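Following: one structure in structure tokens, then a few remarks.
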């Protein structure tokens with residue numbers, strides 16, 4: 001039980017671990033935990049678009065794909081040019097001596113190998129979560145967001161991932177809540 005408690009405290013570090021690429025974008029911020037949450041929802045949506053996917057496996061990989069960052073921090077593309085991270089060691093140490101550690105390690109390893117349609121789907125979910133965030137920043141005026149989106153789109157592997165990215169790019173980030181431009185925006189719930 002103590003090891004499980006330690007694991008759950010470690011997971012909490014993801015709330016405090018920033019995604020570091022935004023410093024180069026010039027605006028925005030997000031914790032690794034926030035990114036994982038959106039990645040989970042994107043992975044779920046991609047599973048609904050392709051019924052041949054092993055949905056529990058996709059969701060498990062979405063949940064764990066950045067878990068090692070509780071120990072290593074988030075390494076953006078500039079950091080990776082100069083810093084070597086021993087993710088294998090981080091995964092090994094965070095999963096050892098915990099009853100379900102082998103399951104977590106297996107999911108992370110499969111994601112990193114990218115040798116299954118589920119792993120490729122999770123890779124796309126990871127990039128689509130970024131694309132959604134960048135689209136929001138672009139809609140709010142960040143002139144560099146579109147260029148970053150172009151690079152993220154080039155990393156997509158699945159047809160559904162590419163189709164969803166195209167629709168994301170065409171959709172204003174505020175559309176979901178601002179589409180009913182009616183008297184409601186003046187009078188609230190009054191009828």
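Every read-out reported here was derived from the displayed coordinates using simple, explicitly stated rules and does not represent laboratory data. Please read these numbers as outputs of a predicted model, since none were measured by experiment. Glycine also receives a Cβ, built like all others from the backbone with ideal geometry; neighbour counts cover every protein chain displayed.
Would you mind calculating the gained length between residue 179 and residue 117 on full extension (0.36 nm times residue separation, minus the Cα-Cα distance), in nm to one decimal?
Contour length minus Cα-Cα distance gives 18.8 nm.
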Roughly what angle does helix 2-16 make with the longest principal axis of the chain, taking Cα atoms, 0 to 90 degrees, to the nearest 10?
40 degrees
Starting from the Cα of residue 167, step 7 Å toward the Cβ, then list every residue of region 145-161 with an amide N under 12 Å from that point.
160-161
Could you identify which residue out of 118, 93, 55 has the top mean-square fluctuation in a GNM of the chain using Cα springs shorter than 10 Å?
93
For the chain, find the longest principal axis of its Cα atoms and tell me its angle to the long axis of helix 145-154, 0 to 90°, nearest 10.
50 degrees
Residue 1 paired with residue 29, simple spin-label distance in nm, labels 7 Å along Cα-to-beta-carbon
3.7 nm
Simple spin-label model, 7 Å along Cα-to-Cβ: residue 92 to residue 37 in nm?
3.4 nm
Log entry: pair-distance distribution for region 2-173, C-alpha pairs binned every 10 Å from zero, whole % per bin is 10, 37, 37, 15, 2
Between residue 187 and residue 50, what FRET efficiency follows from the Cβ-Cβ distance if R0 is 45 Å, with the result rounded to 0.05?
0.55
Helix 117-139: angle to the longest alpha-carbon principal axis of the chain, degrees 0 to 90, nearest 10?
40 degrees
Once normalised by the length of region 2-173, the mean sequence separation of its alpha carbon contacts under 8 Å that are 6 or more apart gives a contact order in percent of 24 percent
